[in-house]
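Nothing in this text is a laboratory measurement; each read-out follows from the coordinates by a stated rule. Everything quoted here is computed from the prediction, not taken from an experiment. Cβ atoms come from the backbone with ideal geometry, glycine included; neighbour counts cover every protein chain shown.
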Amino acid sequence: VAFPRTGGASPRPVRTDHPHIKQESPEEPLYCHADRGSARYGPVMTFSRERPPLVADERTQLVGWLDLQRALVRWKLEGLAEADEHRAVLTTSPMMTPAGLVSHMRWTEHCWFNVLFLGESSDGNPQFQEDAPEDADMMVDGVPLAQLLDEFEAQCRESNEIVAAHSLDDVGKHPDFRSAQATLRWMLIHMVEETARHVGHLDTMRELLDGQKGYY
């Protein structure tokens, strides 16, 4: 994939080797699967498992649907045995454990809202480390699931503060990645899709691990 810089008289070299951002065709934006968390805006937020109002403004509905999916992450993992927190059950995805997937979603939040939208540094985000192994953001052996959930929710709260401070029509600021050219609205819609897809993964893993299942 290619990562052209924009905005200079002379184009910078094009990067083609980032393992966590993919491009389906030269005309399509790049898709990032990463994020770093820091509780910049205070303590961990508890998200509601309530759907947004049937009639509301666009921002309320977009953030409301995303917050619902974020809330389901913790709910899908309530009561999971400690022995199962780092257990893989999908044979073709050995890194995808409950703990690993929560870590991945944490870094996804950071990727889209902090790095691509705000243009902040990607330092510390495993998905941007070119010398890191594939799925490095899921390699969290020894880290308790409770800690990873708290870090994920803290990052989500930071994401919401970023969203609240900007117009949905604003575009990303990072100069290195084509996906940063997307509007904040586009990024929110993508994050609803991204988070909901991984909630489905958690739903499947939980049922395979101990038989627990549920909608929301």
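Annotation: peptides 106-114, 47-55, 199-207, 68-76, ranked by per-residue average of other Cβ atoms within 10 Å with the highest first, follow the order 106-114, 68-76, 199-207, 47-55. Protection proxy ranking for 137-143, 177-183, using the average of other Cβ atoms within 10 Å per residue and placing the highest first: 177-183, 137-143. Dividing the mean sequence gap of close Cα pairs (under 8 Å, 6+ apart) by how many residues the range 118-202 holds gives a relative contact order of 23 percent. Averaging Cα coordinates gives a centre for the range 137-216 and one for the range 94-109; these two points are 10 Å apart.
Close amide H contacts of T183 (hydrogens built in the peptide plane, cut-off under 5 Å, sequence separation of 5 or more or a different chain): none are found.
Placing +1 on the Cβ of every Lys and Arg and -1 on the Cβ of every Asp and Glu, with nothing else charged, gives the range 37-173 a dipole about its Cα centre of roughly 460 debye. Annotation: the residues H166, H104, H198, sorted from fewest to most other C-beta atoms within 10 Å of their own C-beta, follow the order H166, H198, H104.
Kindly provide the GluC sites (Glu not before Pro) of the range 119-193 that DSSP labels as loop, not H, G, I, E or B, and whose Cβ sees at most 13 other Cβ atoms within 10 Å. Passing sites in the range 119-193 are E130, E134. Estimated at 0.36 nm per residue, the fully extended path between L118 and I189 surpasses their Cα-Cα distance by 23.9 nm. Simple rule: put +1 on each Lys or Arg Cβ and -1 on each Asp or Glu Cβ in the range 144-199, find the dipole, and look at C156, S179, L145; the Cα lying farthest toward the positive end is S179.
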